[in-house]
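The values are calculated or read from the model by the stated rules, or taken from the named source; none is laboratory data. What you are looking at is a predicted structure, and each value in this text was computed from that prediction instead of being measured. Please note: Cβ atoms are built from the backbone with ideal geometry, for glycine as well, and neighbour counts cover all protein chains shown.
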Amino acid sequence: MALARVYLYSDALGMSTSVSVILPQETHNQIGMVGERGAGEPPVLYLLHGLSDDDTIWGRRTSIERYAAEEGLAVVMPRVERSFYHDMAHGERYWTYLSEELPALMHQFFRLSARREDTFVAGLSMGGYGAFRWALRKPEAFAAAASLSGALDVADPVMRAGRPELYATVWGEHEVAGSEADLLTLLRQADPAALPALFLACGDDDDLRPSNERFLALAAERGIALTTHLGPGQHVWEYWDQRIQDVLVWLRQVRGLPTRG
């Protein structure tokens, strides 16, 4: 694999930012490492960080580079600060950057597949929310989306009461419930037949478990199928390092590839 940290200027943000990118490389004699790259342009996973992190965190806290190497998968990890992947009421336009400008720039800079069936998004915590919001708002862009310990109910008054300054910065005085920021509202409005495949994981001892259960209950009510991983676990990197491996196995199934032995 090749690892690049790209420093670029964003017109949407009006400032420079950074993106970490893992690119597949076929190799034959690396010690302890397998490198795969299929014919043509590689599939791409947009991998989103949580509230307290940045674009480097997945590479620092997990072995995502090693895991992705076996899949021949490019991984794009943007930096969005504490924006909840939104055009902020008092801040930068991170939703516009993420959903419009970033993919265009990545395809300008790198040889990546632009096909829906080769494009995926995943994230943890705030990034799990961002991944599902992107998939629900732009289902035509993705074949699959995964949330790990996602903050899936930002309209929850308990969550807002716990982070009033964050909510004021991101959403200002706007009501979150019922808006395009509310994943449960987006789920109610979604066409189940048009959605990408969805994967949801959350540990039993995670404070965000209730919001994940509300999302799952509404999905079941709407007839929207999800692959789930529910069981022991906390809001910690040991859990996410395991679950991102599960996501990559699941993506092989979504892509119609044989399971590795």
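Report whether or not Ala181 is surrounded by 15 or more Cβ atoms within 10 Å (Cβ to Cβ), touching a His at 6+ places or on another chain (Cβ under 8 Å) and without any contact (Cβ under 8 Å) to a residue 60 or more places away in the chain. Give the steps one after another, and end with the answer.
On the way: surrounded by 15 or more Cβ atoms within 10 Å (Cβ to Cβ): yes; touching a His at 6+ places or on another chain (Cβ under 8 Å): yes; without any contact (Cβ under 8 Å) to a residue 60 or more places away in the chain: no.
So Ala181 fails the test.
Can you run down the residue pairs with Cβ atoms below 8 Å, 6 or more apart or on separate chains, where the first is in the range 104-117 and more than 16 Å from Pro24 (Cα to Cα) and the partner is basic (Lys, Arg)?
Filtered contacts from the range 104-117: Glu117/Arg255.
Can Val176 be described as crowded, with 18+ Cβ neighbours inside 10 Å and either of a type in the set (Val, Ile, Thr) or under 30 Å from Arg252 (Cβ atoms) (or both)?
Numbers: crowded, with 18+ Cβ neighbours inside 10 Å: yes; either of a type in the set (Val, Ile, Thr) or under 30 Å from Arg252 (Cβ atoms) (or both): yes.
Considered against the rule, which asks whether it is crowded, with 18+ Cβ neighbours inside 10 Å and either of a type in the set (Val, Ile, Thr) or under 30 Å from Arg252 (Cβ atoms) (or both), Val176 comes out as yes.
Please give the helices (runs of 4 or more DSSP H) falling wholly within the range 150-261 in which 3 or more residues are farther than 30 Å from Arg61 by Cα and modelled with pLDDT of 95 or more.
Values: elements: 157-162, 164-171, 183-189, 209-222, 237-254.
Here the list reads 183-189, 209-222.
I'd like the full set of residues that are over 17 Å from the mean Cα position of the chain (by Cα), touching a residue at least 24 places away in the same chain (Cβ under 8 Å) and surrounded by fewer than 20 Cβ atoms within 10 Å (Cβ to Cβ), limited to the range 211-250.
Hits for the range 211-250 are Arg214, Leu218, Arg222, Gly223, Ile224, Ala225, Leu230, Gly231, Pro232, Gln234.
Quick check on Met77: is it buried (at least 17 other Cβ atoms within 10 Å of the Cβ) and touching a strand residue (DSSP E or B) at 6+ places or on another chain (Cβ under 7 Å)?
Numbers: buried (at least 17 other Cβ atoms within 10 Å of the Cβ): yes; touching a strand residue (DSSP E or B) at 6+ places or on another chain (Cβ under 7 Å): yes.
Yes.
Of Ala168, Ala201, Ala217, Ala225, which residue is in contact with a helix residue (DSSP H, G or I) (Cβ under 6 Å, 6 or more places away or on another chain) and either under 21 Å from Arg116 (Cα atoms) or among the small types (Gly, Ala, Ser) (or both)?
Numbers: Ala168 fails: in contact with a helix residue (DSSP H, G or I) (Cβ under 6 Å, 6 or more places away or on another chain); Ala217 fails: in contact with a helix residue (DSSP H, G or I) (Cβ under 6 Å, 6 or more places away or on another chain); Ala225 fails: in contact with a helix residue (DSSP H, G or I) (Cβ under 6 Å, 6 or more places away or on another chain).
After applying the criteria, what remains is Ala201.
Can you name the number of the only condition in (1) among the hydroxyl-bearing types (Ser, Thr, Tyr); (2) exposed (fewer than 13 other Cβ atoms within 10 Å of the Cβ); (3) at pLDDT below 95 that Tyr9 fails?
With (1) among the hydroxyl-bearing types (Ser, Thr, Tyr); (2) exposed (fewer than 13 other Cβ atoms within 10 Å of the Cβ); (3) at pLDDT below 95 applied to Tyr9, the lone miss is (3).
If you check Gly32, Gly38, Gly14, which single one turns out to be at pLDDT below 95 and at positive phi?
Details: Gly38 fails: at positive phi; Gly14 fails: at pLDDT below 95.
It is Gly32.
Among what's in the range 73-107 and is of a type in the set (Lys, Arg) and in a loop (DSSP other than H, G, I, E, B), pick the residue that is nearest to Val6 (Cα to Cα).
Taking the range 73-107 first, the residues of a type in the set (Lys, Arg) are 79, 82, 93.
Filter once more, keeping what is in a loop (DSSP other than H, G, I, E, B): 79, 82.
Numbers: Arg79: 11, Arg82: 20 Å.
Per the stated criteria, the residue is Arg79.
Among the residues of the range 37-70 satisfying the criterion of being of a type in the set (Lys, Arg) and either out of contact with any helix residue (DSSP H, G or I) (no Cβ under 6 Å at 6 or more places or on another chain) or assigned to a strand (DSSP E or B) (or both), which is surrounded by the most Cβ atoms within 10 Å (Cβ to Cβ)? Talk me through it step by step, then tell me what you get.
As a first pass, look at the range 37-70 and keep what is of a type in the set (Lys, Arg): 37, 60-61, 66.
Pick out the ones that are also either out of contact with any helix residue (DSSP H, G or I) (no Cβ under 6 Å at 6 or more places or on another chain) or assigned to a strand (DSSP E or B) (or both) and you get 37, 60, 66.
Details: Arg37: 16, Arg60: 11, Arg66: 13.
Restricting to residues being of a type in the set (Lys, Arg) and either out of contact with any helix residue (DSSP H, G or I) (no Cβ under 6 Å at 6 or more places or on another chain) or assigned to a strand (DSSP E or B) (or both), the top hit is Arg37.
Specify which of the listed residues (Arg160, Arg252, Arg209) is touching a Cys at 6+ places or on another chain (Cβ under 6 Å) and on the phi < 0 side of the Ramachandran plot.
Numbers: Arg160 fails: touching a Cys at 6+ places or on another chain (Cβ under 6 Å); Arg252 fails: touching a Cys at 6+ places or on another chain (Cβ under 6 Å).
It is Arg209.
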